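Read-outs throughout are calculated quantities, based only on the coordinates presented, and are distinct from any laboratory measurement. This is a predicted model, so every value here is computed, not measured. Neighbour counts are summed over all protein chains in view; Cβ atoms, including those assigned to glycine, are modelled from backbone coordinates with ideal geometry.
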Amino acid sequence: MQDAYAGMLEHFAPQFAGAVTTIARADAPVVVHCAAGRDRTGLTSGLVLRLAGVEIEAIAEDHARSDMYLAPWWQPWHDDAADEAERERRMRVTTMPDGAMADVLAGLDARAYLEKAGASPQDLDTIVLRLRGEAPHGR
């Protein structure tokens, strides 16, 4: 999954920048979600939290809780696999190794990554100030 996350960040940088820009420009609280709320949502949330200066370990610990909460939903999907190879694949894509999110974020400057992907410095400043409680929502 660590390689998958790095690949998502590489291949979908404009989409992550777009998500962060949308959050920065929102007039009200925002809900960020994807199918399970762990992978794309986790990366988007991780980028935003890193912008605000949240420690990588805190982000990774919070992200790790996703596997615990999602396990009851994933188990039937694992059990329904056509064969053992498919079951193993499903288990592999639903299990995040300890430290993987921390490793992905450790090698990434969130601000530089998002700016290079198309987010404006103003939007990034706005989201940081909001998360720190120093700016109102909306522009």
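Can you give the helix-only mean residue ellipticity at 222 nm for the chain, where every DSSP H stretch with n ≥ 4 adds -39500 (n - 2.57) and the sum goes over all residues, rounded to the nearest 500 deg cm²/dmol?
The helix contribution divided over the chain gives -21000 deg cm²/dmol.
Quick check on the range 60-105: take the gyration tensor over C-alpha atoms, sort the square-rooted eigenvalues as a ≥ b ≥ c, and tell me if it's rounded (a/c under 1.5), prolate or oblate. Intermediate results must be reported in sequence, preceding the final value.
Numbers: a/c = 4.82, a/b = 1.85, b/c = 2.61.
Oblate is the answer for the range 60-105, as a/c is 1.5 or above yet b/c matches or exceeds a/b.
Applying the Karplus parametrisation 6.51 cos²θ - 1.76 cosθ + 1.60 with θ = phi - 60° to the phi angles of the range 69-80, what ³J(HN,Hα) value in whole Hz is obtained for each residue in order, glycine and proline being reported as x?
In residue order, the calculated couplings are 6, 8, 3, x, 7, 6, 4, x, 5, 4, 5, 8 Hz.
What number, in percent, do you get for the relative contact order of the chain if the mean sequence gap of Cα pairs under 8 Å and at least 6 apart is divided by its residue count?
Contact order relative to length: 45 percent.
In whole angstrom, how long is each semi-axis of the equivalent ellipsoid of the range 7-85, when you take the square root of 5 times every eigenvalue of its Cα gyration tensor and sort them from largest down? Before the final figure, lay out each step's value.
Values: eigenvalues 150, 45, 34 Å².
Calculated on Cα positions only, the semi-axes equal 27, 15, 13 Å.
Given just the C-alpha atoms of the range 1-45, how large is their convex hull per residue in cubic angstrom?
64 Å³
Just name one of LEU47, GLY7, VAL20: the one whose Cα is farthest towards the positive end of the charge dipole of the chain (beta-carbon charges, Lys/Arg +1, Asp/Glu -1).
VAL20
In the calculated pair distance distribution of the range 80-139, what percentage of Cα-Cα distances lie above 18 Å?
Of all Cα-Cα pairs in the range 80-139, 62 percent lie more than 18 Å apart.
Quote the charge dipole size of the range 29-139 about the Cα centre in Debye, to the nearest 20; the model charges only the Cβ of Lys and Arg (+1) and of Asp and Glu (-1).
My answer is approximately 480 debye.
Which of TYR69, PRO121, ALA82 sits closest to the plus end of the dipole of the chain, meaning its Cα is farthest towards the positive end, when Lys and Arg get +1 and Asp and Glu get -1 on the C-beta?
About the Cα centre, the residue reaching furthest to the positive side is PRO121.
Return the ratio Rg/(2.2 N^0.38 Å) for the chain, where Rg is computed over Cα atoms only.
Details: Rg = 16.2 Å, N = 139, 2.2 N^0.38 = 14.3 Å.
In units of the 2.2 N^0.38 Å rule of thumb, it is 1.13.
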